[in-house]
Amino acid sequence: MAKNAIVGQSGGPTSVINASLAGVYESCKRRGAGKVYGMLHGVAGLLERRTCVLDDKLKTALDIELLKRTPSSYLGSCRYKMKDPDEDDTDYKRILEVFKKHDVRYFFYNGGNDSMDTCNKISKYMQKVGYECRVMGVPKTVSYTHLTLPTI
């Protein structure tokens with residue numbers, strides 16, 4: 001993992017959203033990522049090219065530990081539903097420009113169902129245009145309606 005990564009937060013702030021961000025950051029650094037960028041206000045901010053370098057903000061182990069316990073969304077959040085790229089690929093072209101500019105090859109998005117849909121759409125678009133980028137959804141919420149619990 002020598003290329004750069006970017007991570008964003010989406011949807012409502014939960015009690016674990018910043019802990020997940022810290023986990024993504026620590027994992028990227030442990031695996032040898034170059035820079036780790038943050039999307040300010042999720043994919044909506046990314047489309048406006050609003051990013052930060054998390055390496056500049058999380059300089060010590062204490063910074064990371066404090067982030068894990070910080071309420072709200074450290075990077076800011078959004079609720080932005082991306083269109084199908086076959087109908088309108090404007091957003092996807094803009095994201096690709098940002099990825100190329102910052103040599104982003106790893107995309108992490110922390111959120112719920114719509115965020116996972118965004119990951120799926122971005123992943124398929126990057127494959128379609130031949131840009132190598134690993135896209136990973138970081139689940140923020142789990143719907144209990146999809147779980148099968150054992151009977152006691």
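In the chain, what % of DSSP beta bridges are antiparallel (nearest 5)? In the chain, approximately 15 percent of DSSP beta bridges are antiparallel ones.
Distant-in-sequence amide contacts of residue 77, defined by a placed amide H-H separation under 5 Å and a gap of 5 or more residues or a different chain, comprise 41.
Sequentially through the stretch 108-122, phi angles give Karplus couplings (6.51, -1.76, 1.60; θ = phi - 60°) of 10, 9, 9, x, x, 4, 5, 5, 5, 5, 4, 4, 4, 5, 5 Hz, Gly and Pro residues having no value and appearing as x.
According to the Kirkwood relation over distinct C-alpha pairs, the hydrodynamic radius of the stretch 66-128 is 13.3 Å. Rolling a 1.4 Å probe over the heavy atoms of the protein chains gives the stretch 26-74 an accessible area of 56 Å² per residue. Only helices enter this figure: runs of n ≥ 4 DSSP H residues, each worth -39500 (n - 2.57), summed and divided by the residues of the chain, yield -12000 deg cm²/dmol at 222 nm to the nearest 500.
Charges only on Cβ, +1 for Lys and Arg, -1 for Asp and Glu: so what's the dipole of the chain about the Cα centre, in debye to the nearest 20?
Numbers: 24 positive and 17 negative charges, 81 e Å.
Computed about the Cα centre, the dipole is about 380 debye.
Projecting the Cα positions of 73, 90, 110 onto the charge dipole of the stretch 70-110 (unit charges on Cβ atoms of Lys, Arg, Asp and Glu, taken about the Cα centre) puts 73 furthest along the positive direction. Charged side chains reduced to their Cβ positions (Lys and Arg at +1, Asp and Glu at -1) give the stretch 70-128 a dipole of some 220 debye around its Cα centre. Positive end of the dipole of the stretch 20-152 (Cβ unit charges, origin at the Cα centre): among 52, 99, 135, the Cα lying farthest that way belongs to 52. In sequence order, the stretch 26-39 has phi-based couplings of 4, 5, 4, 5, 5, 8, x, 4, x, 7, 10, 8, x, 8 Hz under the Karplus curve 6.51 cos²θ - 1.76 cosθ + 1.60, θ = phi - 60°, and Gly or Pro positions carry x.
Would you mind telling me the share, in percent, of accessible area of the chain contributed by carbon and sulfur at probe 1.4 angstrom? Could you put the intermediate results ahead of the total?
Details: 4420 of 8600 Å².
So the carbon and sulfur contribution to the accessible surface is 51 percent.
Rounded to the nearest 20, the size of the Cβ-charge dipole of the stretch 21-108 about its Cα centre is 360 debye, with Lys and Arg at +1 and Asp and Glu at -1. Gyration tensor analysis over the Cα atoms of the chain returns equivalent ellipsoid semi-axes of 23, 22, 14 Å (largest first, whole Å). Per-residue Karplus couplings for the stretch 70-82, computed as 6.51 cos²θ - 1.76 cosθ + 1.60 with θ equal to phi - 60°, are listed in order as 7, x, 6, 10, 4, 8, x, 10, 7, 10, 10, 9, 6 Hz, Gly and Pro entered as x. Database remark: amide H of residue 110 closer than 5 angstrom to the amide H of 8, 9, 10, 138 (H placed geometrically; neighbours at sequence offset of 5 or more, or on other chains; Pro and chain starts carry no H).
Between the stretch 76-95 and the stretch 1-56, the alpha-carbon centres lie 18 Å apart.
The values are calculated or read from the model by the stated rules, or taken from the named source; none is laboratory data. Note that the structure is a prediction, hence the values are computed from the model and not measured. So basically every Cβ, Gly included, is an ideal-geometry build from the backbone, and we count neighbours across all protein chains shown. Protein only, heavy atoms only, side chains kept; ligands, DNA and RNA dropped before computing areas. Shrake-Rupley method; radii C 1.70, N 1.55, O 1.52, S 1.80 Å.
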